[in-house]
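Participant: I have a structure I would like to understand better, so I am pasting it below and will then ask my questions one at a time.
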Amino acid sequence: MIIGSIVLLLFLIGVAGISSFNSRVEKEKTALFNSKRGDQKITKNDLKNLPNLIKNHLIKTGVLGKPKYCNATFKQTGMIKTNPEKNWLSFTAIQYMSSNNPGFIWTAKALPMLIRDKYVNHRGEVKVSLLGLKNLILFTGQKVDQSSLGRYLGELIWFPMGFLDPDISWQTIDSKIIKATITKNNQVLDGLFIFNQNGMIDLFKTKRYRDIELENFIGEVGEYQDYDGLIIPNKMTAIWDSKEGKQEYFKADIKGYTLL
């Protein structure tokens, strides 16, 4: 009887912690989505000054006629490895992205851990919580801001309207590679987008902080599918390309997508 009561109490505490964690994320999402900037639709005129590689890619993804300023919510399932020596952890996640207030929020469950990664108002933050009750990890600061900006730029592959951000400049490297430079609040980050023979992005490369060290980062995408009228990859794999070799640490599959 006593053991049963203790188990029930622990269960209720866990439920309350998860509910509190989700409530905080919901408030962050509301703030991210609430900065409406207009009802303009994307036209060919919005693409005219872009290099052909990214212009043709955007046309193929189906951005023409889509809202220029909008939000996206998409669900994921996947696996994450926090350390090369550790096992893969399964997760379910929801990601929020916005071109009204350029940024993202990613929230995942890999029970008993709850994870929230974000780039909002030019600031990055990574939080890992034990059932929403105790923060196990809380990373902030300039290096996190820079790394989160790199994630934001790369994951615009899933939110192609964001490529029209005037804070992104473009330089064609060759027939299959284009360099994007994004500048936000004195943060400057370069990334390379590598295109396949069909003119779609296959890879994203940049440098991101891995703990306190800058490492080469690769985002490798899967096949392109139609999600809510956008042709975007159905999966992405994140890879550290370090001196020890390439190490996959994140794999996510898209399981639902809503453009708002």
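The values are calculated or read from the model by the stated rules, or taken from the named source; none is laboratory data. All figures in this text were calculated on a predicted structure; none of them were measured in a lab. All Cβ positions, glycine included, derive from the backbone under ideal geometry; neighbour counts span all protein chains shown. Ligands, DNA and RNA are excluded from the accessible area calculation, which covers all protein heavy atoms including side chains. Shrake-Rupley method; radii C 1.70, N 1.55, O 1.52, S 1.80 Å.
Participant: The conditions are (1) at pLDDT 95 or above; (2) assigned to a helix (DSSP H, G or I); (3) open to solvent by 90 Å² or more (accessible area, probe 1.4 Å), and residue 53 fails exactly one of them. Which is it?
Facilitator: It is condition (3) that residue 53 fails.
For (1) more than 19 Å from residue 47 (Cβ to Cβ); (2) touching a helix residue (DSSP H, G or I) at 6+ places or on another chain (Cβ under 8 Å), each residue gets a yes or a no:
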site	(1), (2)
145	yes, no
149	yes, no
161	no, no
200	no, yes
205	yes, no
219	yes, yes
228	yes, no
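Participant: Give me the residue from the stretch 131-181 that is within 20 Å of residue 57 (Cβ to Cβ) and of a type in the set (S, T, N, Q) and, out of that set, nearest to the chain's Cα centre (by Cα).
Facilitator: 181
Participant: Quick one: in the stretch 244-253, which of the residues that are out of contact with any Gly (no Cβ under 9 Å at 6 or more places or on another chain) and in a strand (DSSP E or B) is nearest to residue 139 (Cα to Cα)?
Facilitator: Out of the qualifying residues, it is 249.
Participant: Here is a further query. So the check is Cβ under 9 Å with 6+ separation or different chains; which pairs have a first residue in the stretch 132-159 that's open to solvent by less than 30 Å² (accessible area, probe 1.4 Å) and a second one that's assigned to a helix (DSSP H, G or I) and among the charged types (D, E, K, R)?
Facilitator: 132/24
Participant: Taking the condition of being in contact with a Gly (Cβ under 7 Å, 6 or more places away or on another chain), on the phi < 0 side of the Ramachandran plot and either surrounded by fewer than 18 Cβ atoms within 10 Å (Cβ to Cβ) or not in a strand (DSSP E or B) (or both), how many residues in the stretch 223-243 meet it?
Facilitator: The number of residues fulfilling the criteria is 3.
Participant: Sticking with this one: Among the listed residues 119, 96, identify the single one that is outside any helix (DSSP H, G or I), open to solvent by 10 Å² or more (accessible area, probe 1.4 Å) and not polar (S, T, N, Q).
Facilitator: Numbers: 119 fails: open to solvent by 10 Å² or more (accessible area, probe 1.4 Å).
Every option except 96 fails the conditions.
Participant: From the set of residues in the stretch 244-260 that are small (Gly, Ala, Ser) and in contact (Cβ under 8 Å) with a residue 24 or more places away in the chain, which is most open to solvent (accessible area, probe 1.4 Å)?
Facilitator: Only one residue fits best here, namely 256.
Participant: Related question: Would you mention how many residues in the stretch 180-198 are surrounded by 15 or more Cβ atoms within 10 Å (Cβ to Cβ) and more than 20 Å from residue 146 (Cβ to Cβ)?
Facilitator: Summing the residues that are surrounded by 15 or more Cβ atoms within 10 Å (Cβ to Cβ) and more than 20 Å from residue 146 (Cβ to Cβ) in the stretch 180-198 gives 2.
Participant: Among the residues that make up the stretch 105-112, is at least one of them within 15 Å of the chain's Cα centre (by Cα) and either of a type in the set (Ser, Thr, Tyr) or open to solvent by 60 Å² or more (accessible area, probe 1.4 Å) (or both)?
Facilitator: Filtering the stretch 105-112 down to residues within 15 Å of the chain's Cα centre (by Cα) leaves 105-108.
With the extra rule that they be either of a type in the set (Ser, Thr, Tyr) or open to solvent by 60 Å² or more (accessible area, probe 1.4 Å) (or both), the set shrinks to 107.
Looking for residues that are within 15 Å of the chain's Cα centre (by Cα) and either of a type in the set (Ser, Thr, Tyr) or open to solvent by 60 Å² or more (accessible area, probe 1.4 Å) (or both), one finds at least one in the stretch 105-112, hence yes.
Participant: Are any residues in the stretch 160-179 buried (at least 18 other Cβ atoms within 10 Å of the Cβ) and farther than 20 Å from residue 69 by Cα, and if so, which ones? Steps first, please.
Facilitator: The first filter runs over the stretch 160-179 and keeps only residues buried (at least 18 other Cβ atoms within 10 Å of the Cβ), leaving 160-164, 168, 178.
178, the sole residue that qualifies.
Participant: Just to be sure I understand, how many residues within the stretch 180-222 are of a type in the set (Asp, Glu) and not in a strand (DSSP E or B)? Outline the logic, then answer.
Facilitator: Kept after step one, since they are of a type in the set (Asp, Glu), are these residues of the stretch 180-222: 190, 202, 211, 213, 215, 220.
In the following step, the residues that additionally are not in a strand (DSSP E or B) were identified as 211.
Final tally of qualifying residues: 1.
Participant: On to the next question. In the set 4, 17, which member is open to solvent by less than 10 Å² (accessible area, probe 1.4 Å), of a type outside the set (A, V, I, L, M) and modelled with pLDDT under 95? Walk me through it before giving the result.
Facilitator: Working: 4 fails: open to solvent by less than 10 Å² (accessible area, probe 1.4 Å).
Residue meeting the stated conditions: 17.
Participant: Among the residues of the stretch 58-79, count how many are in a loop (DSSP other than H, G, I, E, B) and either within 15 Å of the chain's Cα centre (by Cα) or surrounded by fewer than 20 Cβ atoms within 10 Å (Cβ to Cβ) (or both). Give the steps one after another, and end with the answer.
Facilitator: Here is the first cut: in the stretch 58-79, the residues in a loop (DSSP other than H, G, I, E, B) are 62-66, 68-70.
If we keep only those that are either within 15 Å of the chain's Cα centre (by Cα) or surrounded by fewer than 20 Cβ atoms within 10 Å (Cβ to Cβ) (or both) too, we end up with 62, 64-66, 68-69.
The total comes to 6.
Participant: Give the residue, chosen from 73, 30, 43, 61, that is under 19 Å from residue 259 (Cβ atoms) and free of Cβ contacts under 8 Å to residues at least 12 places away in the same chain.
Facilitator: On the way: 73 fails: free of Cβ contacts under 8 Å to residues at least 12 places away in the same chain; 43 fails: free of Cβ contacts under 8 Å to residues at least 12 places away in the same chain; 61 fails: free of Cβ contacts under 8 Å to residues at least 12 places away in the same chain.
Only one candidate passes the filter, namely 30.
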